[in-house]
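K.L.:
Let me begin by handing over the structure; questions about it come next.
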Amino acid sequence: MSGTKPPCEELPDSDPEDTSEELTEVVCLESDLQDGQMMEVEVGHHSVLLTRSEGKYSAIGNQCTHYGAPLSKGVISGNTVRCPWHGACFNVQTGDLEEYPGMDCLPCHKVKIQNSKVYVSVNKKTLKQEKRVKRMGAAVAGVTQTVLLLGGGAASLICAETLRQENFGGRILMVTRDDLLPYDKTRLSKVMNVENDSILLRRMEFFHQHDIEVWLRKEALSVDTDMKTVTFDDGSVQSYDQLLISTGCSHGLSFRAKGLDVPGMKLHNVRMLETPEDARQIHAACLGCNVVLVGTSFVGMEVASYLIDKASSVTVIGSSELPYQNTLGREIGKVTMEMLSENNVKFYMNDNITEVKGVDGKVKEVVLKSGKVIPADVLIVGIGIKPNSEFLRGSKILMDSKNFVTVDKYMRTNTSSVYCGGDLASFPLAMAKNRLVNIGHWQMAQAHGRISALNMLDKQTELSSVPFYWTVLLGKTIRYAGYGEGYTDIVMKGAFEDRKFLALYIKNDEVIAAASLNYDPAVSAVAERFVAGKVITKKEAESDDLSWLQMSQSRLSSNLLLNMSSVQC
């Protein structure tokens, strides 16, 4: 996100001139920080990130507003700090969010220099507040424009919030087939017995406060771009001035994906994951049971990992030799298999299910192409993907051969006033020389929503985000940044056997992506290089001198570059 940043917004009920409401402490000497460095300091037992850039000191909250990671262990570049865990970025001078997956801004604190000492002042009323919702407007009487958002995911939510942040005063209407307000879908495969309330991204009061209408349990059937109307499954017709289509895809673990077509799929306890209720049912059905999971996607491996200490047995069937070997490579696929196998997950790779057999209408066993028969009380199907774009057939909106919607770098479709974002969009990726790609990452969907909103308001803004993804296995997180399709080499830092490594993916003698395990904040550092447009050559990647990586500039962070061997795979 580029553009001039406003001064840090005051939190409600705070008076910037009322020093009686402030807690001020000396946090360090002026000489303790150099330009381009940051450090964690404490004010009133509250963690604060102190930074210095171009001679200016700034202080903001130190906990990322996404999942609470310590930003002091991340990467600072210019006026931006990037989270070491999931890549969210914040402006160090204002606390404003600059890159997702975080949604909220950070509190901003006063800094002054006196007698070569650095003082930080924190407002007592907001001392424990770790995040700050950016100031948003509401509907304005007399403004008749309507923005219609199809889908209740990350792209739609961020689009709605950005419109209000930019003082759009018209009607905002979000329509979703879900029976829940927008929620964190990345959690479903990681914490499957999740309660609805714990994963909501915003509560109903938020939508009421900012005049964002949400229609639940309602699905679009058709779009008429000439009349600028959408027809829904209840027969209602809604007009729009601007339309965002972000209805997503039915991924692997869902009925809509139709990934497995073999006899026995209608038996009881054939499970697929799409909603929080699906996740809870899978959790309950698998307790103490023999579970077979088909598919080795990121989500599939997370589900297998989650069930290890809950199911009696977990067996994974994969059609390839290794899990996600086409995306992360053989080595990381092998590490993933080893991590899960050490915890008694059985793998049958290069194989497929040909039949599901049952007794009394319930799953009893699965038969593989190889002839093996595996006992199964529950079968979880995690293969296949289907864009939720059926309702666009017959419209003038351009789709590709796989039924993804094609957009430009402003998220515009070929049809006036119609935008598309999230998993459904095929979009030009700046770091891949504007090649059209489809990336089902949470952070990219959020970025799509923001770019769509700005361009709806004629604030011409190009998509420039670098993809950032993570997957969790047995409490360990593999992080990934960039776009590695078509890579020809992998340069490794660290050692697979130690479960501590950085993989750099090479194409045309340049690094195009990075993945890591227990090697923070390396992937965030690589992402910052990508954002800055700085090429990382294969020679640099192979070098034992990794100063180019510019790991965290925090004075308190550990230097993970020391004593790391370099091997090429």
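K.L.:
Within the range 438-466, track down each residue that is part of a loop (DSSP other than H, G, I, E, B) and touching a residue at least 40 places away in the same chain (Cβ under 8 Å).
P.N.:
Ile439, Gly440, Leu457, Lys459, Gln460, Thr461, Glu462, Leu463, Ser464, Ser465, Val466
K.L.:
Please go through the range 467-485 and pick out each residue that is in contact (Cβ under 8 Å) with a residue 24 or more places away in the chain, of a type in the set (Gly, Ala, Ser) and either in a strand (DSSP E or B) or open to solvent by 10 Å² or more (accessible area, probe 1.4 Å) (or both).
P.N.:
Ala481, Gly482 - these are the residues of the range 467-485 that are in contact (Cβ under 8 Å) with a residue 24 or more places away in the chain, of a type in the set (Gly, Ala, Ser) and either in a strand (DSSP E or B) or open to solvent by 10 Å² or more (accessible area, probe 1.4 Å) (or both).
K.L.:
Go through the range 357-377 and give me each residue that's of a type outside the set (A, V, I, L, M, F, W, C) and free of Cβ contacts under 8 Å to residues at least 60 places away in the same chain. Steps first, answer last, please.
P.N.:
Step one: of the range 357-377, the residues of a type outside the set (A, V, I, L, M, F, W, C) are 357-358, 360-362, 364-365, 369-372, 375, 377.
If the condition is that a residue be of a type outside the set (A, V, I, L, M, F, W, C) and free of Cβ contacts under 8 Å to residues at least 60 places away in the same chain, then Asp360, Lys364, Glu365, Lys369, Ser370, Gly371, Lys372 are the ones that fit.
K.L.:
Would you check which residues across the range 105-157 are surrounded by fewer than 19 Cβ atoms within 10 Å (Cβ to Cβ), of a type in the set (D, E, K, R) and touching a strand residue (DSSP E or B) at 6+ places or on another chain (Cβ under 9 Å) and list them?
P.N.:
Across the range 105-157, the qualifying residues are Lys110, Lys112, Lys117, Lys124, Lys128, Glu130, Lys131, Lys134.
K.L.:
Is there a residue in the range 228-240 that is touching a Pro at 6+ places or on another chain (Cβ under 7 Å), β-branched (Val, Ile, Thr) and at pLDDT 95 or above?
P.N.:
Step one: of the range 228-240, the residues touching a Pro at 6+ places or on another chain (Cβ under 7 Å) are none.
Within the range 228-240 (the criterion being touching a Pro at 6+ places or on another chain (Cβ under 7 Å), β-branched (Val, Ile, Thr) and at pLDDT 95 or above), the answer is no, since none of the residues qualifies.
K.L.:
What residue, among those in the range 492-535 that are at pLDDT 95 or above and over 23 Å from the mean Cα position of the chain (by Cα), is surrounded by the fewest Cβ atoms within 10 Å (Cβ to Cβ)?
P.N.:
Across the range 492-535, the extreme among qualifying residues is Asn508.
K.L.:
If I go through the range 43-56 residue by residue, how many of them are within 18 Å of Thr126 (Cα to Cα), touching a strand residue (DSSP E or B) at 6+ places or on another chain (Cβ under 7 Å) and open to solvent by 10 Å² or more (accessible area, probe 1.4 Å)?
P.N.:
3
Every residue, every condition in (1) touching a Leu at 6+ places or on another chain (Cβ under 8 Å); (2) in a helix (DSSP H, G or I); (3) charged (D, E, K, R), yes or no:
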residue	(1), (2), (3)
Val223	yes, no, no
Thr231	yes, no, no
Asp261	no, no, yes
Leu273	yes, no, no
Asp278	yes, yes, yes
Gln281	no, yes, no
Val291	yes, no, no
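K.L.:
If a residue must be at pLDDT 90 or above and open to solvent by less than 10 Å² (accessible area, probe 1.4 Å), how many such residues does the range 536-561 contain?
P.N.:
First, the residues of the range 536-561 that are at pLDDT 90 or above: 536-543.
Then keep just the ones that are open to solvent by less than 10 Å² (accessible area, probe 1.4 Å); that gives 536, 541.
Number satisfying all stated conditions: 2.
K.L.:
Still on this model: Against the condition modelled with pLDDT of 95 or more, small (Gly, Ala, Ser), touching a strand residue (DSSP E or B) at 6+ places or on another chain (Cβ under 6 Å) and within 30 Å of Thr229 (Cα to Cα), how does Ala160 come out, does it pass?
P.N.:
It is true that Ala160 is modelled with pLDDT of 95 or more, small (Gly, Ala, Ser), touching a strand residue (DSSP E or B) at 6+ places or on another chain (Cβ under 6 Å) and within 30 Å of Thr229 (Cα to Cα).
K.L.:
Okay, next question. Can you confirm whether the range 358-367 contains a residue that is open to solvent by 40 Å² or more (accessible area, probe 1.4 Å), part of a loop (DSSP other than H, G, I, E, B) and not hydroxyl-bearing (Ser, Thr, Tyr)?
P.N.:
Yes - at least one qualifying residue is present in the range 358-367.
K.L.:
Considering (1) in contact with a Cys (Cβ under 6 Å, 6 or more places away or on another chain); (2) open to solvent by 20 Å² or more (accessible area, probe 1.4 Å); (3) not hydroxyl-bearing (Ser, Thr, Tyr), say which one Gly74 fails and leave the rest.
P.N.:
Just one mismatch for Gly74, condition (2).
K.L.:
Loosely packed, with under 14 Cβ neighbours inside 10 Å and at pLDDT 90 or above: is that true of Asp35 in this structure?
P.N.:
yes
K.L.:
Considering the range 307-357 alone, what residues qualify as being open to solvent by 60 Å² or more (accessible area, probe 1.4 Å), within 17 Å of Asn290 (Cα to Cα) and of a type in the set (Gly, Ala, Ser)?
P.N.:
Ser312
K.L.:
Further question: Kindly list, by first and then second residue, each pair from a residue in the range 82-105 that is farther than 15 Å from Pro521 by Cα and β-branched (Val, Ile, Thr) to a residue that is in a loop (DSSP other than H, G, I, E, B) and open to solvent by less than 10 Å² (accessible area, probe 1.4 Å), limited to pairs with Cβ atoms under 9 Å and residues at least 6 apart or on different chains.
P.N.:
Every condition considered, the pairs that remain are Thr94/Leu106.
K.L.:
Something else: Which numbered condition in (1) at pLDDT 95 or above; (2) open to solvent by 10 Å² or more (accessible area, probe 1.4 Å); (3) within 20 Å of the chain's Cα centre (by Cα) is the only one that Tyr183 fails?
P.N.:
(2)
K.L.:
Would you check if Ala141 is among the small types (Gly, Ala, Ser), out of contact with any Cys (no Cβ under 6 Å at 6 or more places or on another chain) and without any contact (Cβ under 8 Å) to a residue 40 or more places away in the chain?
P.N.:
Yes: the conditions hold for Ala141.
K.L.:
Something else about it: Identify, from the list Ile199, Ile212, the residue that is within 20 Å of the chain's Cα centre (by Cα) and either over 24 Å from Met411 (Cα atoms) or of a type in the set (A, V, I, L, M, F, W, C) (or both). Walk me through how you get there before you give the answer.
P.N.:
Values: Ile212 fails: within 20 Å of the chain's Cα centre (by Cα).
From the options Ile199, Ile212, the qualifying one is Ile199.
K.L.:
Turning to a different aspect of this structure: Identify the residue in the range 158-180 that is within 12 Å of Trp215 (Cβ to Cβ) and either of a type in the set (Lys, Arg) or part of a loop (DSSP other than H, G, I, E, B) (or both) and, among all such residues, is least open to solvent (accessible area, probe 1.4 Å).
P.N.:
Only one residue tops the list, namely Thr176.
K.L.:
Does Ala432 satisfy the criteria of being open to solvent by less than 10 Å² (accessible area, probe 1.4 Å) and of a type in the set (A, V, I, L, M)?
P.N.:
no
K.L.:
What is the residue count in the range 368-377 for residues that are open to solvent by 30 Å² or more (accessible area, probe 1.4 Å) and among the aliphatic types (A, V, I, L, M)?
P.N.:
1
The values are calculated or read from the model by the stated rules, or taken from the named source; none is laboratory data. Bear in mind the structure is a predicted one, so any value in this text is a computation, not a measurement. Glycine also receives a Cβ, built like all others from the backbone with ideal geometry; neighbour counts cover every protein chain displayed. Just so you know, the surface numbers come from the protein's heavy atoms only, side chains and all, with ligands and any DNA or RNA stripped out. Shrake-Rupley method; radii C 1.70, N 1.55, O 1.52, S 1.80 Å.
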